[in-house]
Amino acid sequence: MCTYATTVLTIDGSAKGKIGWFSANQATVYFDHPVHFARRHALMVDLANPSEGPSARVGLELSPESARALAVAILDALDAVPPALFEADGGTR
Amino acid sequence: MRGDLTAATITIPGANGDEIEAYYAAPSDGGPRGSVVVLHHLPGYDAATKEITRRFAAEGFAAICPNLYSREAPGADPDDAAATARALGGVPDERLVGDVAGAAAFLRAQPASNGAVGVIGYCSGGRQSVLAACNLDLQAAVDCYGAFVVADVPDGFPFAFTSLRPLLENLSCPLLGLFGAEDQFPSPEQNVEMAILLEGHGKSFTSHTFEGAGHAFFATDRPSYRPEVATKAWGIVLDFFTTHLAEA
């Protein structure tokens, strides 16, 4: 099945893909048919910069278990950071 | 079936006269012949869809697959183009109709054309095939597991889709539906509703719901591929087009 359900969000960061490093300002998250991962469905993440063209993209195709583990690891990593480090870059946890 | 054909990437006028990329394949003989517009799946204008296009040519039909993401991502890899189009909410319906009209006009203008043009689409292209057949003068249409033909689009849906229910009374040609019993987008219940609605409008609709198959059973490069079902369904498609594209 195609769920079509898609979340698009603005992000601030960099990613490395086919064109090398680029400023990533958009993330797209969806659960649908993967292109390469040999499963019928996957949790897909695209990190992109539309202003630099379609090739300014890093695509992830993850099993649901992997996607959840990655999400938890990201949150754990952020939770372990001393607040002063965020403040040094003008950001927040 | 000799299977001799020629195939090439070309440019055709699409909606609003925009020049769009397309993959065109035609038998090597002189015709006359019917023609088919192939609408690629949501993952884009990819190698597998071009293979489908060549298959139609090998079977005696001229076939063209327009790159529906030509505008958003010209020249991009199919997966990058599909990701770009998805983030933008997919292909607008009005533009799709214009692109299919351009593709059909191109096919009918070929010297070997008998004037008859069908359309077939896969996944999102399945819905678009029905959409095209409800807006254009076509001779046959095939919907391969297209979602949201009769289902309502949920609130907050990220694609510019609408149910095609109000358009079904305008269907211009016989329609064939090919679905997987394990699919939920579209679900078997929705496909039954589609049949009831089309019958109510006096339209010609034939459908097959295959057990042991879900969405994308035609996709040879994906785990959803079901060889026995796909082989049987290919035969049904070719018989359908042979019958309805014999003459305009």
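The values are calculated or read from the model by the stated rules, or taken from the named source; none is laboratory data. Source: prediction; values computed, not measured. Every residue, glycine as well, gets a Cβ built from its backbone with ideal geometry; the counts of neighbours run over all protein chains shown. When the accessible area is computed, the model is the full protein with side chains, heavy atoms only, and any ligands, DNA or RNA have been set aside. Shrake-Rupley method; radii C 1.70, N 1.55, O 1.52, S 1.80 Å.
Odds and ends about this structure:
- A:Ile11 versus A:Asp76: modelled label distance in nm, points set 7 Å from Cα along the beta carbon direction: 2.0 nm
- Cα gyration tensor, chain A - rounded (a/c under 1.5), prolate or oblate: oblate
- Interface area, chains A and B: about 2100 Å² of buried accessible surface, summed, with a 1.4 Å probe and ligands, DNA and RNA left out.
- Rounded, prolate or oblate (a/c below 1.5 giving rounded, otherwise prolate when a/b exceeds b/c) for the protein assembly as shown by Cα gyration tensor: prolate
- FRET efficiency estimate (nearest 0.05) - Cβ-Cβ, A:Ser66 to A:Glu87, R0 22 angstrom: 0.10
- Inter-chain Cβ neighbour count for B:72-82, averaged per residue, equals 4 (cutoff 10 Å, partner chain atoms only).
- Potential extension, B:Asp29-B:Ala181 segment - 0.36 nm per residue separation minus Cα distance: 50.8 nm
- Highest-fluctuation residue, B:Cys144, B:Cys65, B:Cys173 considered, GNM on chain B with Cα pairs under 10 Å: B:Cys173
- Rounded accessible area of A:Val35 (nearest 10 Å², 1.4 Å probe): 70 Å²
- Three-way shape call for segment B:149-248 based on the alpha-carbon gyration tensor, with the a/c threshold at 1.5: oblate
- Based on C-alpha pairs under 8 angstrom that are at least 6 apart in sequence, segment A:1-62 has a relative contact order of 31 percent.
- Considering only alpha-carbon pairs that sit under 8 angstrom and 6 or more positions apart, the relative contact order computed for chain B is 17 percent.
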